[in-house]
Amino acid sequence: MADHVEAWPGRAYPMGATYDGAGTNFSVFTEVAEGVDLCLLADEGRETRVPLEEVDAHCWHAYLPGVGPGQRYGYRVHGPWDPAQGLRCNPNKLLIDPYAKAIAGAVDWDPACFGSVPGDEEARNDRDSAPHVPKSVVHSPYFDWGSDRPPRTPLHNTVIYEVHVKGFTVGHPQIPPRLRGKYLGLAHPVAIDYLRALGVTAVELLPVHQFVHDAPLVERGLRNYWGYNSIGFFAPHNEYASGDLGQQVQDFKTMVWALHDAGIEVILDVVYNHTAEGDHLGPVLSFKGIDNRAYYRLVPDDPRHYYDTTGTGNSLNVRHPRSLQLIMDSLRYWISEMHVDGFRFDLAASLARQFHEVDRLSAFFDLIEQDPIVSQVKLIAEPWDVGEGGYQVGNFPPVWSEWNGKFRDTVRDFWRGEPATLPELASRLTGSSDLYQSDSRRPVASINFVTAHDGFTLADLVSYNEKHNEANGEGNRDGESFNRSWNCGAEGASDDPAILACRRRQQRNLLATLFLSQGVPMLLGGDEIGRTQRGNNNAYCQDNQVSWFDWLRADDELLAFTRRVIALRREHPIFRRRRWFQGRPIRGTPDIAWFRPDGAEMDDADWESGFAKSVAVFLNGDAIPDRDERGRQVTDDRFLLVLNAHDESIDWRLPRHGVARWTVALDTAEELVVGSHVEPAKPFRAPARACTLLVAPGRRAPHQRR
């Protein structure tokens, strides 16, 4: 690399490094800088600094002819160091471009990575960080998308599979070793065939924005496996790539193309609420050294410290227009250039804190709703953060869907036998209208889940009463202590046939309830094969066999059951209605009705009874208030879903509602033969701790008959 680099004025926009085939335009925002150096880095570590002399609207920029893909670079920002005023400029720190589309390397946690002198947080640390931090990389934007078309699966037809790129692929014996743990592993036909056979329509990937392995974890020999520690909002995480210096961009696009070709959407779990730079004692890697006050929320009367509603040390400053622009540019980039189909926003309530309170009319939501690109993809909120008033389930704007934590809690409580759960269970089964109906939202506002990455897996939920997080090195103090779990009579591994049978049944009960409820179901990856974390309910730092899929010990029977119940949902529109039940008659029969074991409809006294643990719900498919893509009335069969959480079987008198004979469609106890018939005039014995689905032919339209 020549010591002198030709630099032309360039443009302030677009931000970041933009290669046009002949050279690269660089632009970075900072309104506190007194000078900015663009640093070009050679393989041997040699650095060439190019002072940026053009500044427009606080964007420092230049165009470098001849500089192209694979070039590593960073910034050094000259300006005030005054922590008491929230100013942390230091030209001795090589900084990642906030708009970098690719990032190479990792943080090695040398003391030079930190802004302050150890033991004196006011004193500037002038050790050069360049040898110890990741480097931004100029990437090639060119990719042949061919005939790629987003599947655009309607939300009511969507089945989400929450999965980790590495965890799913790293131990798969049929994926080539060189692709395991990589984007291309998830693009492999073996992986895609599995997802298609399972019946999911979308993968929700745990964070794939470039992230950092936290220093405390590295010191304990651990890693940030989940990835909720972002440092680059445009760059795919480089450890999942098949090569370096920009290859992650091509690999990610190849993965998206392959999944789209199979009709599977890609949803990203995104972490715009904080970054990996932590609190006032954390490292200086990018935003903190570029413009600390613009990018982070600081304590108003003490800007030395960070206003933290995320539990990570800092919160992104969504009140500043440039931070908002960063988020919106990032979202549009992943949609337009990377072709993703939606986002799940981690700790989304934090993004709604325009001032102190969570505000659903904050600038962030205004921008999302009016944006012609971002507003058209799937938008899912984790509707809480750790700040005051942060639990906001049901309070997001109409364009959003939400992780429904109340669905998770209620379904867990019902199947572990907690009293007085029936009224809330009825609401959760029917789409949680109490949470979402009042502001014109529909059942698809509810993302239903029983388990997620954070907490017990399904197998552990029925095997452990207590968390077992000792491997995390925090004295088992981390993770949720109240899990609403039940171990079926023994803590952890057991060889007792009765306990194992109970656990198998409970897993099927939870899965059946998930997929037969109104709303959008989300399955935690691996639950369908009995994946266990050995009681660890906070495996964020376990980048090992604790978290990875163990394909060699897959529960094939549970997998077959999961495929079957997902297929039932796919085949029957009654389980994925677009509109709410009304409780009104359709051709003389109600669209929904609830029954107690003696065959009588539930009344107020029955709902208020604290001891009842069994209920049946009748679903009338004769005239669903939905229309198909061609405008035709949707109809379906009639169903009776019998839920019995008692530890004993119960005799039922089945309602008729014009049904001459019921047929068993599903039985989680596996005591009834699927396809066998049940006469309404005869007592029906509902198995203990079981979910039974009965079906009777309805008035299905000719075009819908199978």
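The values are calculated or read from the model by the stated rules, or taken from the named source; none is laboratory data. Just so we're clear, the structure is a prediction, and the values are computed from it rather than from any experiment. Cβ: placed from backbone, ideal geometry, glycine included. Neighbour counts: every protein chain shown. With ligands, DNA and RNA removed, areas are computed over all heavy atoms of the protein, side chains included. Shrake-Rupley method; radii C 1.70, N 1.55, O 1.52, S 1.80 Å.
Taking Cα pairs under 8 Å and at least six residues apart, what relative contact order does the range 537-610 come out at, in percent? Here the relative contact order equals 11 percent. Taking the Cα atoms of the range 576-622, the ratio Rg/Rh between the radius of gyration and the Kirkwood radius comes to 1.02. Pairs of alpha carbons in the range 547-642 separated by more than 19 Å make up 57% of all such pairs. Placing dummy labels 7 Å off each Cα toward the beta-carbon, the span from Tyr391 to Asp550 is 3.4 nm.
Carbon and sulfur atoms: what percent of the 1.4 Å accessible area of the chain do they account for? C and S fraction of accessible area: 49 percent.
Pairs of Lys residues in the chain that lie 8 or more places apart, or on two chains, and have C-alpha atoms under 17 angstrom apart add up to 8.
Counting only alpha carbon atoms, the long axis of helix 497-515 and the longest principal axis of the chain meet at about 80°.
Put a plus charge on the Cβ of each Lys and Arg, a minus charge on the Cβ of each Asp and Glu, and nothing anywhere else: the dipole of the range 441-573 about its Cα centre is then about 780 debye. Is the range 128-251 rounded, prolate or oblate when judged by the Cα gyration tensor, a ≥ b ≥ c being the square roots of its eigenvalues, rounded requiring a/c under 1.5 and prolate requiring a/b larger than b/c? In terms of gyration-tensor shape, prolate.
Write down the Kirkwood hydrodynamic radius of the range 215-328, to one decimal in angstroms, obtained as one divided by the mean of 1/r over all alpha carbon pairs. Averaging 1/r across every pair of different Cα atoms and inverting gives 16.1 Å. As a size descriptor, the averaged projected area of the C-alpha convex hull of the range 422-538 was calculated at 8.3 nm². Per residue, the average separation of C-alpha pairs within less than 8 Å and at least 6 apart gives the range 611-681 a relative contact order of 25 percent.
Out of every Cα-Cα pair that the range 133-174 contains, those further apart than 15 angstrom amount to 74 percent. What residues from the range 656-671 fall in the zone where the backbone N is under 15 Å from a label point 7 Å along the Cα-to-C-beta line of Arg685? Of the residues in the range 656-671, 669-671 have backbone N under 15 Å from the label point off Arg685.
Between the helical axis of 405-415 and the longest alpha-carbon principal axis of the chain there is an angle of about 40 degrees.
Here the range 549-706 is treated with +1 on each Lys and Arg Cβ and -1 on each Asp and Glu Cβ, and its dipole about the Cα centre works out to around 1040 debye. Applying a 4.7 Å Cβ-Cβ cutoff to the chain, the cysteines left without a disulfide-compatible partner are Cys39, Cys59, Cys89, Cys113, Cys541, Cys691.
Ordered from longest to shortest, the equivalent ellipsoid semi-axes for the range 1-140 are 26, 18, 12 Å, each the square root of 5 times a Cα gyration tensor eigenvalue.
Calculated accessible area for the chain comes out at 37 Å² per residue, all protein chains present (probe 1.4 Å; ligands, DNA, RNA ignored). Over the C-alpha atoms of the range 1-68, the Rg to Rh ratio, Rh being the Kirkwood estimate, stands at 0.96.
Taking every Cα-Cα distance in the range 257-376 and sorting them into 5 Å bins from zero, the calculated P(r) comes out as 2, 11, 20, 22, 18, 13, 8, 5, 2, 1, 0 percent.
For the pair the range 54-86 / the range 439-492, the C-alpha centres are spaced 44 Å from each other.
Which log10 I(q)/I(0) values, to two decimals, does the range 634-699 give at q = 0.11, 0.19, 0.21, 0.24 Å⁻¹ under the Debye formula with one point per Cα? The Debye formula, applied to the Cα set alone, gives -0.23, -0.68, -0.82, -1.04.
In this structure the amide hydrogen of Ala123, modeled in the peptide plane, comes within under 5 Å of the amide hydrogens of Val117, none closer than 5 places in sequence on its chain. For the range 514-573, the relative contact order is 42 percent, taking Cα pairs closer than 8 Å that sit 6 or more residues apart in sequence and dividing their mean separation by the residue count. What's the long-distance tail for the chain, i.e. % of Cα pairs beyond 38 Å? Taking all Cα-Cα pairs of the chain, the fraction more than 38 Å apart is 39 percent. Note on the range 516-580 and the range 583-650: Cα centroid distance 25 Å, given to the nearest whole angstrom. Between 0 and 90 degrees, the angle of helix 189-198 with respect to the longest Cα principal axis of the chain falls at about 40 degrees. When peptides 169-176, 510-517 are ranked by their average number of other Cβ atoms within 10 Å per residue, the highest-first order is 510-517, 169-176. Taking the Cα atoms of the range 165-210, the ratio Rg/Rh between the radius of gyration and the Kirkwood radius comes to 0.96. Spin-label model, Glu44 to Asp434: label points 7 Å out along the Cα-to-beta-carbon direction sit 7.1 nm apart.
With the convex hull constructed from alpha-carbon coordinates only, the range 550-603 shows a mean projected area of 6.9 nm² over all directions. The eigenvalues of the Cα gyration tensor, multiplied by 5 and square-rooted, give the range 85-160 an equivalent ellipsoid with semi-axes of 41, 18, 11 Å from largest to smallest.
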